[in-house]
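Student: Take this structure, written in structure tokens, and hold onto it; I'll ask about it next.
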Amino acid sequence: MKSFGLPELRHVTNPRDTTASSILDLCRRLVSIIHKSSKLTEKEIGLGAAQFFVLQKLSDGQSRSVNEIAELTRTHQSSVSVVIKKLVEKKMIASAPAPGDARKLSLRLSAKGKKALESSKIEAVQDRLLTAIDRLSAEDARELERLMLIVLSELSPAEQPAPLFLED
């Protein structure tokens, strides 16, 4: 077989190679699921996955602060602020000074945001992922977290708040 100057491919026989290939495939599948979900929400209601996730957290009609939304989305306040700003610009969220503390914002779903949620039949991919993680035993969830931290520290050793999915 002609190699075109490339090294000859070898068959994977080392079990670690097989495991690494499987893990890489699982990562690709996860990224694909998140990407497809974001494209679907963009097509259906004009919002990316991160914006849709935040919007859903206001669906109960309650006014919330940025910090409360960060808690509900399990995201750092600085990351969720970027998404909130975009949703306010799109008039999906109404923003006003918080009663009793004008330094804070009071955020609520606008009529346009409510209409967008009512027209959607989609569950946020982040909620689906959280549900899957919640189904793990506490021990398995901690082990998954531990292993992911090891892998991610090899990829990007500097810790910084992670943005919401597909929201950079």
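Student: Looking at region 72-108, which of the residues that are closer than 19 Å to Leu129 by Cα, part of a helix (DSSP H, G or I) and among the polar types (S, T, N, Q) is farthest from the chain's Cα centre (by Cα)?
Tutor: Ser79
Student: If we keep just the residues of region 86-99 that are of a type in the set (Lys, Arg) and surrounded by 13 or more Cβ atoms within 10 Å (Cβ to Cβ), which is nearest to Ile45 (Cα to Cα)?
Tutor: If we take residues in region 86-99 being of a type in the set (Lys, Arg) and surrounded by 13 or more Cβ atoms within 10 Å (Cβ to Cβ), then Lys90 is nearest to Ile45 (Cα to Cα).
Student: Follow-up question, since we're still on this one. So Arg74 passes all but one of these: (1) farther than 13 Å from Phe53 by Cα; (2) exposed (fewer than 13 other Cβ atoms within 10 Å of the Cβ). Which condition number does it fail?
Tutor: (1)
Student: While we're here: Among the residues of region 87-105, are any under 18 Å from Val125 (Cβ atoms) and touching a residue at least 60 places away in the same chain (Cβ under 8 Å)?
Tutor: No, region 87-105 contains no residue that is under 18 Å from Val125 (Cβ atoms) and touching a residue at least 60 places away in the same chain (Cβ under 8 Å).
Student: Counting only residues that are farther than 13 Å from Lys57 by Cα and of a type in the set (A, V, I, L, M), which one in region 93-110 is modelled with the highest pLDDT?
Tutor: Checking each candidate, the answer is Ala94.
Student: For region 1-29, name all the residues that are modelled with pLDDT of 85 or more and either surrounded by 12 or more Cβ atoms within 10 Å (Cβ to Cβ) or in a loop (DSSP other than H, G, I, E, B) (or both).
Tutor: Scanning region 1-29 gives Ala20, Ile23.
Student: Taking region 51-71, which residues are in a helix (DSSP H, G or I) and surrounded by 16 or more Cβ atoms within 10 Å (Cβ to Cβ)?
Tutor: Gln51, Phe52, Phe53, Val54, Leu55, Gln56, Val66, Glu68, Ile69, Ala70
Student: With respect to the numbered conditions (1) at positive phi; (2) in contact with a strand residue (DSSP E or B) (Cβ under 8 Å, 6 or more places away or on another chain), which one is the sole condition not fulfilled by Gly100?
Tutor: With (1) at positive phi; (2) in contact with a strand residue (DSSP E or B) (Cβ under 8 Å, 6 or more places away or on another chain) applied to Gly100, the lone miss is (2).
Quick grid of which residues meet (1) surrounded by fewer than 13 Cβ atoms within 10 Å (Cβ to Cβ); (2) among the acidic types (Asp, Glu):
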| position | (1), (2) |
| --- | --- |
| Asp101 | yes, yes |
| Leu109 | no, no |
| Glu118 | yes, yes |
| Lys121 | yes, no |
| Val125 | no, no |
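Student: Pairs, please: C-beta under 6 Å, at least 6 apart or cross-chain, first residue under 14 Å from Lys85 (Cα atoms) and in region 54-66, second in a loop (DSSP other than H, G, I, E, B) and of a type outside the set (Phe, Trp, Tyr)?
Tutor: Leu55/Met92
The values are calculated or read from the model by the stated rules, or taken from the named source; none is laboratory data. Keep in mind it's a predicted model, so treat the numbers as computed, not measured. Quick reminder, even Gly has a Cβ in these numbers, built from the backbone with ideal geometry, and neighbours come from all protein chains shown.
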